[in-house]
Amino acid sequence: MAEKTSQDAGSTQTTVRLDEVDRKILSLLQKDASLSLDQIADRVGASKTPVWNRIRKLREAGVIRRQVAILDPEALGLEACFFVLIRTSEHEKDWAARFLQALRDRPEVIEAHRLAGDIDYILKVQVRNARAYDRFYQSLIAEVKIHNVTALLSMEEIKSTSALPIPETGR
């Protein structure tokens, strides 16, 4: 059953130790979070109450952050996916706060990562078309000073999943 363990004395991160039943539950929920408790219990070979308790503990431990519906961008007319590489000459706290707020305020930014290396940030931007991307770009650079922006249009999505690999050891 899921239980928290500390990494080491100097670390603030906590790891959750998972057993085989926890891993099965997580695997099922990653594939289809709309499964009923009866269905999950049946598939892991346990009764409903212990399965519910495990799911509750996994939520409390932060292993399960939230449950969402995965939407089809094309069905919503959002056919263009751009990966945007951003270099900045600004690294002050004030600039970073404005930049992060600008990203949070734009729903078309569906992922944003700060990177190590030559590129400072990478964004995943989902929009209707190139014109919509240009409107996004123009509004972003009007709001926040950016040294260099490179936009890469995804021609084809090869793999997309929200499912994480679940380690055997729970780490």
All positions within region 77-111 that are among the aliphatic types (A, V, I, L, M) and more than 18 Å from Arg135 (Cβ to Cβ): Leu85, Ala96, Ala97, Leu100
Can you list the strands (runs of 3 or more DSSP E) found entirely within region 1-98 that contain at least 1 residues being modelled with pLDDT of 95 or more, loosely packed, with under 15 Cβ neighbours inside 10 Å and more than 20 Å from the chain's Cα centre (by Cα)? 80-87
If I filter region 115-132 down to residues being in contact (Cβ under 8 Å) with a residue 24 or more places away in the chain and in a loop (DSSP other than H, G, I, E, B), which single residue comes out as surrounded by the fewest Cβ atoms within 10 Å (Cβ to Cβ)? Asp118
Which of (1) touching a Leu at 6+ places or on another chain (Cβ under 6 Å); (2) open to solvent by 90 Å² or more (accessible area, probe 1.4 Å) does Thr150 not meet, given it meets every other one? (2)
Within region 133-171, residues part of a loop (DSSP other than H, G, I, E, B), aliphatic (A, V, I, L, M) and closer than 20 Å to Thr88 by Cα come out as Val144, Ile146
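The values are calculated or read from the model by the stated rules, or taken from the named source; none is laboratory data. Keep in mind it's a predicted model, so treat the numbers as computed, not measured. Glycine gets a Cβ as well: all are built from the backbone with ideal geometry, and neighbour counts include every protein chain shown. Ligands, DNA and RNA are excluded from the accessible area calculation, which covers all protein heavy atoms including side chains. Shrake-Rupley method; radii C 1.70, N 1.55, O 1.52, S 1.80 Å.
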